[in-house]
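*Asks:* One structure, pasted below without further comment.
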Amino acid sequence: MQSDDIRAKFIAFFTDPRRKHELIQGAPLIPSETDKSVLFTTAGMQQLAPYLLGEEHPKGKRLVSVQKCVRTQDIDEIGDNIHVTFFEMLGNWSLGDYFKEDAIKWSYEFLIDELGLDKARIYITCFEGNDDAPKDKKSAEIWESLGIPKERIYFLGEKDNWWSPGDNGPCGPDTEMFYDVVGNLNLKSKEEFKKADEKQQVVEIWNDVFMEYEKKDGRIVGKLKQQNVDTGAGLERLAMVMQGKDNIFDTDLFSGVIKKLEETSGKSYTDNQKSFRIIADHIRSAVFITAEGVLPSNTEHGYIVRRLIRRAVIAKDRLGLEDSGLHSLIEVIVSVYEKHYPYLRSKVMTISRTIEEEEKKFRKTLDRGIKQFERTYNMSVGRSTVDSELSSEVVFDLVTTYGFPFELVKELADERGLRIDEDAFNRRMELHRETSRAGAEQKFKGGLADASEETTMLHTATHLMLAGLRKYLGEHVHQAGSNITAERTRFDFTHGEKVDRGTLDKVEAYVNEVIRNKCNVVIEEMDKNTAMESGVEGSFWERYPDTVNVYMVKSSDGTVYSSELCGGPHVKNTGDIKGTFKITKEEASSAGVRRVKAVLK
Ligand code: SER
């Protein structure tokens with residue numbers, strides 16, 4: 001069965017008078033201005049969040065849609081059998097109407113009776129329960145009543161069988177349908193199932209989420225006022241099982257693109273599977289994203305599309321396809337989808353131009369970057385301390401300034417027998433991301449309001465507070481922004497959850513103890529890399545020159561209470577700080593970032 005027929009059957013099945021769903025338009029890939037919580041639409045439920053929370057939908061309580069989605073968190077998996085960065089999701093919804101019984105029955109009927117899939121190849125997972133919600137025995141019972149044997153129904157935890165779109169909003173346990181793509185696995189236990197899942201021998205094809213809970217700031221805060229159903233079935237995966245394939249690239253959605261690539265490269269797909277798949281997947285996503293007006297850039301949506309195109313170009317180079325444009329591939333992709341997304345045809349020239357220009361730009365970048373890489377490599381050869389390692393600073397520079405994908409730097413390094421310290425690189429990237437995040441949100445101006453005595457005292461106290469937060473919460477805590485006036489310090493830091501009062505008290509006590517101990521604040525001039533590698537705390541490293549000032553708070557016996565990269569000013573001795581340090585407020589700032597306010601009283 002062709003993917004077009006699967007789409008049509010799904011809509012017909014749910015709009016049928018026996019099931020009475022109304023067809024709604026899928027949302028654009030780029031969410032509206034009012035929903036800034038995600039860069040891309042990642043699920044059909046996203047545009048429905050207000051209605052899942054209780055608002056009345058103009059089309060009623062039963063809806064069905066085909067939703068284009070982009071999810072790039074699995075970008076490194078692309079090349080395997082079942083992952084894609086763009087996909088279409090078939091979904092049906094109950095907004096406080098039917099619940100588990102009908103949702104599961106209809107999923108079953110659509111898969112088995114409508115599509116004719118083999119019941120003996122279906123496996124089911126249900127939620128095993130936790131402190132927030134009980135074990136979902138009801139779903140398992142319904143599956144059993146439909147004839148799925150008990151030994152093919154497995155209870156799994158929150159990681160597998162709980163679905164929420166983010167830290168806030170409707171969420172709930174889910175039950176997932178998997179299909180045996182080998183044909184005769186005949187699995188008998190959860191352990192066998194998990195192994196088969198890892199090997200992609202069983203593949204999730206549909207998910208029914210029972211959205212009756214609400215999350216706020218990452219925590220379940222209770223039940224919603226209504227019980228909803230949110231289902232999602234990936235079209236690519238349904239096409240795969242319906243067409244008797246074990247991977248999505250062999251389906252009708254991709255076969256034209258793969259064939260065109262074989263023609264233009266003169267290479268066989270079988271021998272170059274991974275590169276073919278990366279190109280096909282990434283260019284397809286780039287087509288859909290650029291069709292919505294996004295241009296490659298270094299931020300937000302533009303950064304994602306740039307990354308996709310650049311990764312595809314590298315994969316193309318591996319096939320020796322350096323000079324061939326991407327236009328013919330884009331043409332094939334548009335012809336597969338234009339029936340459902342007619343706007344693609346009218347934009348095909350713009351899409352092609354955008355993607356091809358980015359390719360050209362990247363080629364220049366690559367040439368420059370490879371020269372830079374060679375220069376660094378040649379300089380480091382012969383120096384015993386560095387000749388086996390490419391410093392994390394160079395890797396960072398190649399990735400952020402020259403736009404090299406990390407994998408490419410790694411490959412170039414491997415070819416020359418150079419090691420890369422991935423952890424050191426990741427630390428730099430993490431700091432860089434915090435800076436970008438802070439920049440993107442413009443949540444604070446940053447820094448000190450002035451250099452008055454009060455502000456300076458609070459500035460030193462803020463360093464101590466960060467040291468205290470890191471001591472009691474962990475090393476993942478870094479500054480994400482600060483704003484200090486004579487009255488108070490407002491400080492953002494990276495941490496995923498609320499900090500309880502007990503911990504805040506400990507942090508306060510830490511700061512006040514150092515104030516009482518009258519410690520000297522000393523400035524040490526250090527090489528930036530040495531500072532970074534020796535664990536000096538700092539954010540926004542890239543704003544600093546190669547030689548940096550590290551402010552250390554040291555007691556007379558040599559204990560270091562804080563050591564942080566900074567431009568000052570600070571008090572000379574913590575004894576100069578007047579008053580008692582008090583944290584007055586703790587709250588969420590943005591995803592993964594907390595904000596505190598503190599004063600000297
Ligand atoms: N929201 C769920 C998912 O994306 C079901 O639609 O899997």
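Any read-out appearing in this document is the output of simple, stated calculations on the displayed coordinates, not a laboratory observation. Predicted model, so just to flag it, every value in this text is computed and none were measured. In this analysis, Cβ positions are derived from the backbone assuming ideal geometry, glycine residues included, and neighbour counts consider all displayed protein chains.
*Asks:* Give me the extension gain from Glu338 to Lys190: residue separation times 0.36 nm, minus the current Cα-Cα distance, reported in nm with one decimal.
*Replies:* Here the answer is 49.1 nm.
*Asks:* If R₀ is 35 angstrom, what is the calculated FRET efficiency for the pair Ser297 and Asp414, using the beta carbon separation as r and rounding to 0.05?
*Replies:* Approximately 0.70, to the nearest 0.05.
*Asks:* Select from Leu39, Leu29, Phe14 the residue farthest towards the positive end of the dipole of region 14-133; place +1 on Cβ of Lys and Arg, -1 on Cβ of Asp and Glu, and compute about the Cα centre.
*Replies:* Of the candidates, Phe14 comes out farthest on the positive side.
*Asks:* Here is the link list: Lys9/Lys150; Lys135/Lys216; Lys498/Lys597. Which ones come out longer than 18 Å on Cα distance?
*Replies:* Over 18 Å Cα-Cα: Lys9/Lys150; Lys135/Lys216.
*Asks:* Given the Cα-Cα distance of Glu356 and Glu513 and 0.36 nm per residue of separation, how much length would full extension add, in nm? All intermediate terms of the calculation are to be shown ahead of the outcome.
*Replies:* Values: separation 157, 0.36 × 157 = 56.52 nm, distance 6.08 nm.
Extra length from Glu356 to Glu513 when fully extended: 50.4 nm.
*Asks:* I would also like to ask the following. Just grab the label-to-label distance for Arg18 and Phe99, each label 7 Å out from Cα along the Cβ direction, in nm (one decimal).
*Replies:* 2.4 nm
*Asks:* Reachable aspartates and glutamates from Lys59, Cα under 12 Å, same-chain residues fewer than 8 places away excluded?
*Replies:* Glu22
*Asks:* Next up: Evaluate the charge dipole of region 224-382 about its Cα centre and quote only its size in Debye, nearest 20, assuming +1 on the Cβ of each Lys and Arg and -1 on the Cβ of each Asp and Glu.
*Replies:* For region 224-382, the charge dipole is close to 420 debye.
*Asks:* Let me ask something additional. Would you calculate the separation in nanometres between label points at Glu158 and Glu497, each defined as 7 Å from the Cα along the Cα-to-beta-carbon direction?
*Replies:* 0.7 nm
*Asks:* Shifting gears a bit: Just going by the charge dipole of the chain, with Lys and Arg at +1 and Asp and Glu at -1 on Cβ, which of Asn512, Thr460, Ala449 is farthest out on the positive end?
*Replies:* Ala449
*Asks:* How big is the charge dipole of region 498-568 about its Cα centre, in debye rounded to the nearest 20, if each Lys and Arg gets +1 on its Cβ and each Asp and Glu gets -1 on its Cβ?
*Replies:* Charge dipole of region 498-568: 340 debye, to the nearest 20.
*Asks:* With contacts defined as alpha carbon pairs under 8 Å and 6 or more residues apart, what's the relative contact order of region 171-313 in percent?
*Replies:* Relative contact order of region 171-313: 16 percent.
*Asks:* With r as the distance between the Cβ atoms of Asp217 and Leu53 and R0 = 25 Å, compute the FRET efficiency 1/(1 + (r/R0)^6) and round to 0.05.
*Replies:* Working: r = 16 Å, r/R0 = 0.63.
It comes out at approximately 0.95.
*Asks:* Quick check on the chain: helices-only [θ] at 222 nm, where DSSP H runs of length 4 and up contribute -39,500 (n - 2.57) each and the sum goes over total residues. Nearest 500, please.
*Replies:* Rounded to the nearest 500, the figure is -12500 deg cm²/dmol.
*Asks:* Simple spin-label model, 7 Å along Cα-to-Cβ: Lys578 to Thr530 in nm?
*Replies:* Inter-label distance under the simple model: 3.9 nm.
*Asks:* How much length is gained if the chain between Glu389 and Lys225 is pulled fully straight, taking 0.36 nm per residue apart and subtracting their Cα-Cα distance, in nm to one decimal?
*Replies:* Length gained between Glu389 and Lys225: 53.3 nm.
*Asks:* Going by how many other Cβ atoms sit within 10 Å of their own, how do Ser3, Ser346 line up, fewest first? Walk me through the intermediate numbers first.
*Replies:* Values: Ser3 21, Ser346 10.
Least crowded to most crowded, the residues run Ser346, Ser3.
*Asks:* Assigning unit charges at the beta carbon (Lys, Arg +1; Asp, Glu -1) and nothing else, what dipole magnitude in debye, to the nearest 20, does the chain show about its Cα centre? Walk me through the numbers on the way to the answer.
*Replies:* Details: 86 positive and 101 negative charges, 203 e Å.
Using Cβ point charges on Lys, Arg, Asp and Glu, the chain gives about 980 debye.
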